[in-house]
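The values are calculated or read from the model by the stated rules, or taken from the named source; none is laboratory data. Bear in mind that the values here come from a model prediction, so they are computed numbers and not experimental data. Cβ sites come from the backbone with ideal geometry, for glycine too, and all protein chains shown count toward neighbours.
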Amino acid sequence: MKKKIIPIFLGFSLLFIPVLASGQNLLIKNGTILTVTKGTIPRGDILIINGIIKKIGENIEAPEGVKTVDASGKYVVAGIIDSHTHIAITAGNESSEAITPEVSVRDVLNAEDTAIYTALSGGVTMVHTMHGSGNPIGGQNIVLKMKWGLSAEEMIVHEAYRTLKFALGENPKQSNFFTATPRYPQSRMGVNAIIRRELLKAKNYKEQWDRYLKAKKSKKSAKNLIPPRKNLRMEALADLLRGKMLARCHSYRADETLEFINLSKEFGFKIACFEHASEAFKIAKELAEEGIGTSVFLDSWAYKIEAYEGIAYSAGFCTKKGVLVSINSDSSERIRRLFNDAAKSMKYGGLTEEEALKLVTINPAIQLGVEKIAGSLEVGKHGDIAIFNEHPMSAYTRCDMTIIEGKIYFDRAQYLKEREEEEKKKAEKEKKKKGEKK
Amino acid sequence: MKTKKFLVLFYFFLAFLILVSSSSTYAGSVYAIVNCKVVPVASSAIDKGVIIIRDGLIVSLGPSEKIVIPEDAEVIEAEGLIAYPGLIDAHTNLFLELPKEEPAQRQRGMAPQEKETGRYSDLTVFKLLKPKKTTIGSYHKIGVTTVLVAPKKGIFAGQSVLLNLNGEKAEAMVVKNSVALQINFTRARGVYPATVMGTMALLRQSFLDAKHYHSHKSLYASSSKGIKRPEYDPFLEALVPFILERKPIIFTCNNQEDIKRALRLIDEFKLNGFLSGANEAWRVADYLKKTPLFVSLHFKPPITSIYVNKGEELKEKAEKEIYPANASNLYKSGIRFALTSYGLTKASDYLKNIQKAIKAGLPKEEALKAVTIHPAQFLGVNNIMGSLSEGKIANVILTSGEIFEEKTRVKRIFVDGVMFKIKKPPEKVKAPALNLAGKWEGTVISPMGELDVTMELEQEENEILGTITSNFGIWEISDGILSGNDLTFTISATIMGESIDMEFSGKAEEDLIEGTFSFSSGSAEIRVTRVPTSGF
């Protein structure tokens, strides 16, 4: 039901949010502040000036003209970050080919996807929205802030890593298994082989350019030197090899995950994170050693063959082994309750409240390369904040307010009021219509 | 095979028709349009003026007392009428007949290749033109003398052509060929690119390739010694002038993100880019100060729009109020634009929607400029059209009142100095007795044999629209009127590459339409029955 209600009642007034420059001033008073990285302040204030956190402490006075939000009895937390989702884009997979690193979701952003608002309602301030997992080498992903009502351009987080989606296992191998034109690869060995083949090509391509640039620089350079053809497909992979882009790899099984790590060593590229990684607990030691994170569901498993051995304990277990774990939504529904999923790691895996909260705040921030601006409440970071009525790791909690760079984008009380008014108006209209008919 | 034999006979029959039905036009006449108000657009209006047309050009124009009427001129008394420059519709797909293409297929077991589709940049749309009299008539009726015909299929759709609607001969209509390269943010099915993100990558790659190809070729031309000969590539060959010599590229933008996509490409590759469609342009007005805009008069919000996804009420408001205000909002933001019929299915909606745009706040003078001088400037033809002055092409319309008023009708239209009278709309139209919308099937019985046809009809009050499909292809119905049970319409049938006009007149009942097609040399009977719609 919820899914249906949300688009209808998003509120007509919300539609016409005036386009303001982001970066506003706000003072949040008297909340229990969970800074994530610097402990808890039982009753404290946060001052945001021009979108940046200026002060965190007790008894902060509001400078003149600065709006104040009273958070008495509430929990003030760093905005939740979703390390892996597919919202706010109008295309998922460039499924026509198996290897498409030249495409980027940057070109298909949709600032009017109502899932952005759904995300806000779950305290989510930032997402990594990704190419799908249909292709062994998919496309380039992007990090967005959920600035509902602003343009796609204003949502892009330029500080984040450039990332490229890879996918192993069932999805790339079956992605058009049942269509008229099945394509290579159709097995796990094929997936590995095709990625390796393309990386070899990219290596050659990169070396070709290096040779050209070197020849161009040298004094004896030939007058008639023709630059190699710029190939965007190879260029993207070359950027991966140059370290300018990081791999994000959809991977379920431990064996193929290890194979991909071997590939990264062979070609010298960096993996930021494995996606879903349901067998991560089997290779936690290796992941920790390599400094590769995982972005997972907390307690979803057995929904397909390669997820049979998934366990709810994996996130907690891996965290304790030193792996950087984040909980992702992968969807526009789960995105509104990531905090619930994180909290489950306390029951399954025995994490503390602080550790559990990190799974949806600072950990994904580190995975996305934005830990300097987000992921925790610290002076100098962006004022991206979620306010909960109870501790966010409580089963009874809900998000009351979501703030990005000092601007309130979601206010539950306000929203409910608008919804009620909208319903009233509608009811009156119906009544009037019926009256006219009579 | 009965049908085969029949087809042969029918072809003979039709070939005969073609011979007798072709007509010629004469452009050498001299006309003096007298006693009308003249609105030249680029200069001030003349209350009582004269326009002299000779050999397709305006030779003189001015107040009645100052202009001498040549002896050999046919005098057109136009008291009470107003003369305007012929309107320019800068984005249409008129007269285009596209060959059906087999869907691209990848063979089972084949390794993926860098297969790409939608690249027709070497295609000049002129080759596809099949002018139709009825279409020309419907454009004359709304005062349009000039149209930009843009190809519509594929990503690199091809090169557009500017036509004066002066007759039925494509060659004689051409004002300017290869006006611009039309690019659509469309995608392919089954082959690369299957998504718009793939399309963007393909566009970027192609632009880069054109640059590379050009630099390699130039280097080779300057000293071919010691340089590998570049491989000839017709696609890139056609693309180079648009990427390196700043020939115009028109991007069809169906939503605000398309506009931003186009602007990114224009910026990245320093293109001479124009935007067309753009019915959401006001939403991204801040980005649009510099780029020439051909704004569509199509007022339906695109499916990605928030106005579509928030329930019926808002959608209706969007169509009736928000999108019609696009032009007016652009005007208020200080943006210059042309208005086009792109996306409209009926020619008559062009004027209706201009009226709606005016109602939504667009000043009338600005609306007039947007269909005359602005498109002429954007297309680089303002020295020959877009306003009335001496030496310009005689594209002139005479209207019964101020243009864009609801009751105003175009009375006469001069295109390249050729005069056309506008058929009066049927006067006594009765309320339609029934609704003919739906699918029909039946037979055409001619002296030469029978032809199976299916008809798909749409009805809007008295107006009937639709198509007739047979072995010969799909023919469009125009000027369809249902008055009581009396149905009349015309079709421009294309048979063996020639177009033949046929007029239908007959009776319609709930499940049966019967009547006669008449053409210049004979007639045929038609009888179709309604195809029941399934209950599901």
- Could you check how many residues of segment B:416-469 are part of a loop (DSSP other than H, G, I, E, B), among the small types (G, A, S) and surrounded by fewer than 19 Cβ atoms within 10 Å (Cβ to Cβ)? 3
- Check whether at least one residue in segment A:255-266 is surrounded by 13 or more Cβ atoms within 10 Å (Cβ to Cβ), more than 19 Å from A:E306 (Cβ to Cβ) and under 24 Å from the mean Cα position of the chain (by Cα), and report yes or no. yes
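List the helices (runs of 4 or more DSSP H) inside segment B:230-325, counting only whole elements, that have at least 2 residues being away from every other protein chain (no Cβ under 13 Å).
Correct list: B:234-244.
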- Query: Taking strands (runs of 3 or more DSSP E) that do not extend beyond segment B:30-77, which have at least 1 residues that are surrounded by 20 or more Cβ atoms within 10 Å (Cβ to Cβ) and not hydrophobic (A, V, I, L, M, F, W, C)?
  - Reply: B:30-38, B:46-54
- Item | Unique match (being touching a residue at least 24 places away in the same chain (Cβ under 8 Å) and touching a Pro at 6+ places or on another chain (Cβ under 7 Å)) among B:L368, B:L362, B:L388, B:L379 | B:L388
- Out of B:A318, B:A360, report the one residue that is of a type in the set (G, A, S), in the same structural domain as B:G273 (by TED's automatic domain parsing) and buried (at least 19 other Cβ atoms within 10 Å of the Cβ). B:A318
- Restricting attention to segment A:88-121, report how many residues are buried (at least 24 other Cβ atoms within 10 Å of the Cβ), assigned to a loop (DSSP other than H, G, I, E, B) and either among the β-branched types (V, I, T) or touching a strand residue (DSSP E or B) at 6+ places or on another chain (Cβ under 8 Å) (or both). 8
- In the list A:R233, A:R248, which residue meets the criterion of being assigned by TED's automatic domain parsing to the domain that holds A:Y205, within 20 Å of A:V105 (Cβ to Cβ) and under 21 Å from the mean Cα position of the chain (by Cα)? A:R248
- Can you name the residue in segment B:153-209 that is among the small types (G, A, S), within 14 Å of another protein chain (Cβ to nearest Cβ) and part of a loop (DSSP other than H, G, I, E, B) and, of all such residues, is surrounded by the fewest Cβ atoms within 10 Å (Cβ to Cβ)? B:G190
- Task: Within segment B:333-351, identify whether any single residue is surrounded by fewer than 22 Cβ atoms within 10 Å (Cβ to Cβ), touching a Lys or Arg at 6+ places or on another chain (Cβ under 9 Å) and within 14 Å of chain A (Cβ to nearest Cβ), and answer yes or no.
- Result: yes
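So which of A:K145, A:K206, A:K165 is in contact (Cβ under 8 Å) with a residue 24 or more places away in the chain, closer than 30 Å to A:I335 by Cα, touching a Lys or Arg at 6+ places or on another chain (Cβ under 8 Å) and among the charged types (D, E, K, R)?
The conditions single out A:K165.
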- Message: Here is a list: A:A247, A:A284. Which entry is part of a strand (DSSP E or B) and of a type in the set (A, V, I, L, M)?
- Response: A:A247
- Message: Of everything in segment A:307-322, what is in a loop (DSSP other than H, G, I, E, B) and closer than 28 Å to A:C399 by Cα? Give them in sequence order.
- Response: A:I311, A:A312, A:Y313
- Given (1) more than 20 Å from A:A365 (Cα to Cα); (2) touching a strand residue (DSSP E or B) at 6+ places or on another chain (Cβ under 6 Å), where does A:Y184 come up short, assuming only one miss? (2)
- Given the structure, is A:A167 crowded, with 21+ Cβ neighbours inside 10 Å and farther than 19 Å from A:G132 by Cα? no
- Among the numbered conditions (1) in a helix (DSSP H, G or I); (2) of a type outside the set (G, A, S); (3) out of contact with any Lys or Arg (no Cβ under 8 Å at 6 or more places or on another chain); (4) closer than 30 Å to B:D55 by Cβ, tell me where B:H374 comes up short. (3)
- Please identify the pairs in which a residue from segment B:237-254 that is touching a residue at least 60 places away in the same chain (Cβ under 8 Å) and not assigned by TED's automatic domain parsing to the domain that holds B:R204 has its Cβ atom under 9 Å from the Cβ atom of a residue that is surrounded by 17 or more Cβ atoms within 10 Å (Cβ to Cβ) and among the polar types (S, T, N, Q), counting only partners at least 6 apart or on another chain. none
- Looking only at segment A:246-258, decide whether some residue is within 14 Å of chain B (Cβ to nearest Cβ) and of a type in the set (S, T, N, Q). no
- Inspect all residues belonging to segment B:378-391 and state whether any of them is among the aromatic types (F, W, Y) and either surrounded by fewer than 22 Cβ atoms within 10 Å (Cβ to Cβ) or at pLDDT below 95 (or both). no
- Is it true that some residue in segment A:378-386 is of a type in the set (D, E) and in contact (Cβ under 8 Å) with a residue 40 or more places away in the chain? yes
